[in-house]
Structure formats: structure tokens, C-alpha cells
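Working notes for the structure below.
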Amino acid sequence: RGGAHHSLSVGRSGDDLDVRIVNETGHKLPTGHNEGRRIWINFRFLDDSDAVVAEHGHYDTAQAELDAASTVVFEMQGGLSEDAAAVTGLPAGITTRMALADTILKDNRIPPRGFSNAAFESAGAPVVGETYGDGQYWHDSRFEIPQNAVRAEVTLYYQSTPREYIEALRDENFSNHWGDTLHAVWEATG
């Protein structure tokens, strides 16, 4: 499946399926505020009775939880260095407090056409946790085909407000009711 922001192709290579996501935008995919936006590949392998025999990138809608370990999740994660942690009194590592973040711990988002590592690094938007060559505006992934699978369904999902981000906003707001209110609205809207 493809969209205005990407195209998706799948091909077989022996016992594997190869997935290519092409960024069709003029910015990193996904773009926007980095605290929440992410995309991921969901791969479902089905047997001859259409039962799921394996899945990568499963999203549990009831719990709003993604099995990120089984797939590729494209996102940016800001963080606090040891120096920033010492100054703020917050722990070093990934943070949802973007105003305090002083480092990028992960940014494997797919670059746009015309991408140059040097240009993006000098603009403060380096690739972190992935390798893209200059001029590369796509990402390739490979998934092993289970023995009893006869077909596969591949979907690229986009999410702007994951559970972890909404919970962090709720848990870190001590000044008023808006963190709890946002969380309640998020839960009520599914």
C-alpha cells in the first residue's frame, strides 16, 4: 500500500520478503514534532486457512501497545546528555521534555530526495541509529517467511500520539489538570 507520503513495495528473495519504503515527501518521514510521531511496518504471514502464523509490528489496540522489537519503527527520540541531566536533575537518556533535550538518541526517519549526510548534520538533523547513503530516500527491510505461510499482508502504520507520550504528559504535569484531561480525552477517543 502507498500514500501521498510514501510508496511501499514488497518482493521475495528466497526465504525472505523484502520491503522498500520510499519517501515521497520533501522532508523526513515521518515529519513533525518528534515527541510522538512514528511509523512502523506491520507484517502478517497467513497460512492457507487465513490464520496468522507470524506477525511483526503487532499493535494491540486495546492496550495501545506496539511490539516495536519485532519490526522497524521510524522515529526521532531526543535525550538528555549526562551534562544536561546534572543541570536539570532529570535522568540522562530518552526524554519527552523536548525543550530540555540536548541530544538526539535516535533518528532513523527516512530522508527526502536530495538527502546529504553532511547537510543534515550541519543543520542539526543527523541520522542516528540507521545508515542512509547520500541521495538515499528509501529504507529496505527483510523479513523471514515462516514455513507454513502462503501469503503476507504488509502495512505501514502512522501514529501521531502513542500511549507512552500521552502518559508522559499526564505524569509530568504537576501544575494543573491538563495532563489528566488530555489523557482522559485520548482514552475516550480510542
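Some points to look at:
- Only one of the numbered conditions (1) out of contact with any Phe, Trp or Tyr (no Cβ under 9 Å at 6 or more places or on another chain); (2) open to solvent by less than 30 Å² (accessible area, probe 1.4 Å); (3) touching a residue at least 24 places away in the same chain (Cβ under 8 Å) is not met by residue 85, and that is (3).
- Scanning region 107-119 for residues that are open to solvent by less than 50 Å² (accessible area, probe 1.4 Å) and not aliphatic (A, V, I, L, M) yields 107, 108, 109, 111, 112, 115, 116, 117.
- Condition met for residue 96 (among the polar types (S, T, N, Q), touching a residue at least 24 places away in the same chain (Cβ under 8 Å) and open to solvent by 70 Å² or more (accessible area, probe 1.4 Å)): no
- Residues in region 139-150 that are over 16 Å from residue 40 (Cβ atoms) and either of a type in the set (Phe, Trp, Tyr) or surrounded by 11 or more Cβ atoms within 10 Å (Cβ to Cβ) (or both): 144, 145, 146, 148, 149, 150.
- Filter result for residue 64 (free of Cβ contacts under 8 Å to residues at least 12 places away in the same chain and not acidic (Asp, Glu)): no
- Count of region 80-101 residues, restricted to those that are within 21 Å of the chain's Cα centre (by Cα) and of a type in the set (D, E, K, R), is 1.
- When the residues of region 31-44 are filtered to those that are in a strand (DSSP E or B) and of a type in the set (Lys, Arg), the one that is nearest to residue 5 (Cα to Cα) is 38.
The values are calculated or read from the model by the stated rules, or taken from the named source; none is laboratory data. Quick caveat, the model's predicted, so the values are computed rather than measured. For neighbour counting, all protein chains shown are included, and Cβ atoms are generated from backbone atoms with ideal geometry for every residue, glycine included. Areas reflect the complete protein model, heavy atoms only, side chains present, ligands, DNA and RNA absent. Shrake-Rupley method; radii C 1.70, N 1.55, O 1.52, S 1.80 Å.
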